[in-house]
Each structure stands twice: as C-alpha cells, then as structure tokens.
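I have placed the structure first, in the form of structure tokens, so that the comments after it can refer back to it.
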Amino acid sequence: MTEGEGSTELRPLARLARLALAWTLVTVAGPGVLARDGTWWIAAIGVALWIATVARPGRRAWLVEWLAAGAAVAFQVWWIAYVVAFVVPAQLVVSGFWASLGGPLARRLLARRALPFTLLAPLAWLFAEGLQHGLQIPFSWGWMRLGHVAAGDLWLASSARVAGAVGLSAVIAGVGGALADLAARRAETEARSASWPGRSARSSSARSPRCRTRRTDPSSCSSSPRSPWRARWRATRTPCSTRRSR
C-alpha cells in the first residue's frame, strides 16, 4: 500500500458503487456462472477492488459494507427460496454482517501499521470468512468459500490436499492484494510524474503556437528585455529607404 492510500476518505455512494462491482466479480467467478468450475482470477480482481475500497475510511463505511456484502451473499443462495423462503433475507442480515467485518479490521490494522495490500487482503478476508463459516446455524450459515472458485485450476486445486479451501482462499486473496498494490503504485507514479517541477511549463511552452510560428516576434518567447533577438528582428523590419540613406 502506498503512502496516503488508506487515509483518503471515500463517500458512501462511491464506496457502495465500488463494493457492488467487487462483489459482483467475486459472485460471477463462482462455479456454474461463467465457467463450470469457477474462474479464480476474476475473483482475485474482485478482491483487489474490495481491499482497495474497504481500506479507506469514510462516513457510514461499515453500514455500506454490510449492505453490499449481505446483498452478495443473499444473491449467491437465491435458489434456496424455493425450499425455505426466509433464508434469503436472513442471509442478507446475518451472513452479510459477518462478511462485512473484514473492512473494519483492515482499517484498524492500517491505523496501527502500514501494511501492503498483499498481506492485508488475506488477513481481512479470512477473518470475515472464518466468522461466516465457523459459526453454526442460526448464528451464521457459510455457503461457499473464496477458495472454491479455484476448483477448475488443476495446479491450485491440487494444493487443496494440503491447505484446504481455506488455504486457497488465502492464495486468491493474496493475489488480489498484490494486484491492488500494483495499481496503487502505478497511480502514485503517474501522480508524481504529472506534478514534476517544470514539466507542465515545458510542455505548455512547447505546445504554444506563438513560439512555433516562424514569422512571429521572437521577443514574445523571451523574458529578457535585452534579448539579441529583439534587435535582430527590428533590423529586419527597417524600411528599405532608411537603409539606402544610411
């Protein structure tokens, strides 16, 4: 995480829009949506946007995160409404509550020590996921972990024999945090290069049509009143009759 990345406040509507996109990416990456066994790299992009959003403070941050997480979890189990209808709104409130606790943890950790997103994302995501899946009904109901979206990748799925679905969740969240770090560093580099002293002045003078015109007063491009270009230009503008009299 770059300097100042976690200190910039985010407005509630902007937070809601970014979290809606992040949870949408995580949801569509699940098994049976875009691919039969899931698409883990789309989920990693969603986690990158999620951690870059929840790490920033703002008004009603946790309430917005609760709403976004609850809507995503409820949508993932919409089909259970055909069996027990009240489970879907219960998921929105209860499971969304646990899934939203990763944001306050991320902000609390950043308040104590500046951590990179590569480390912060797995810590915050696994904390919320562990609460959601660790507590039993009726206090919570865990349906699908982040690591389940890697079932279609043979290399990642093979490591589940050792680390399990929790380990796969940590890997995908870590990849998402690394993507967030790369995006933050690139944005910081572009901001520094744009504010480099003298760059804007040189670029504006290079684009100025006055200095690119051949038959324009060269003194207009010079700040010195005693510029030799001024005298040379005046000499070229001297009438022919005056030259002959001399």
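The values are calculated or read from the model by the stated rules, or taken from the named source; none is laboratory data. Quick caveat, the model's predicted, so the values are computed rather than measured. Cβ sites come from the backbone with ideal geometry, for glycine too, and all protein chains shown count toward neighbours.
Quick rundown of the values:
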{"quantity": "Filtered residues of region 15-46 (kept if over 16 Å from Val171 (Cα atoms), assigned to a helix (DSSP H, G or I) and touching a residue at least 12 places away in the same chain (Cβ under 8 Å))", "calculated": "Arg15, Leu16, Arg18, Leu19, Ala20, Leu21, Ala22, Trp23, Thr24, Leu25, Thr27, Val28"}
{"quantity": "Boolean, Trp141 is buried (at least 22 other Cβ atoms within 10 Å of the Cβ), aromatic (Phe, Trp, Tyr), out of contact with any Lys or Arg (no Cβ under 6 Å at 6 or more places or on another chain) and at pLDDT below 95", "calculated": "no"}
{"quantity": "Test: residue in region 115-125 that is surrounded by fewer than 19 Cβ atoms within 10 Å (Cβ to Cβ) and in contact with an Asp or Glu (Cβ under 8 Å, 6 or more places away or on another chain)", "calculated": "yes"}
{"quantity": "Residue list for region 22-31, restricted to those being hydrophobic (A, V, I, L, M, F, W, C) and farther than 15 Å from Arg56 by Cβ", "calculated": "Trp23, Leu25, Val26, Val28, Ala29"}
{"quantity": "Arg15 vs. criteria within 22 Å of Leu115 (Cβ to Cβ), crowded, with 20+ Cβ neighbours inside 10 Å and out of contact with any helix residue (DSSP H, G or I) (no Cβ under 7 Å at 6 or more places or on another chain)", "calculated": "no"}
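Residues are listed down the side, and each one gets a yes or a no for (1) under 22 Å from Ala14 (Cα atoms); (2) of a type in the set (D, E, K, R):
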| site | (1), (2) |
| --- | --- |
| Arg60 | yes, yes |
| Trp79 | no, no |
| Tyr82 | no, no |
| Ala85 | no, no |
| Leu92 | yes, no |
| Ala121 | yes, no |
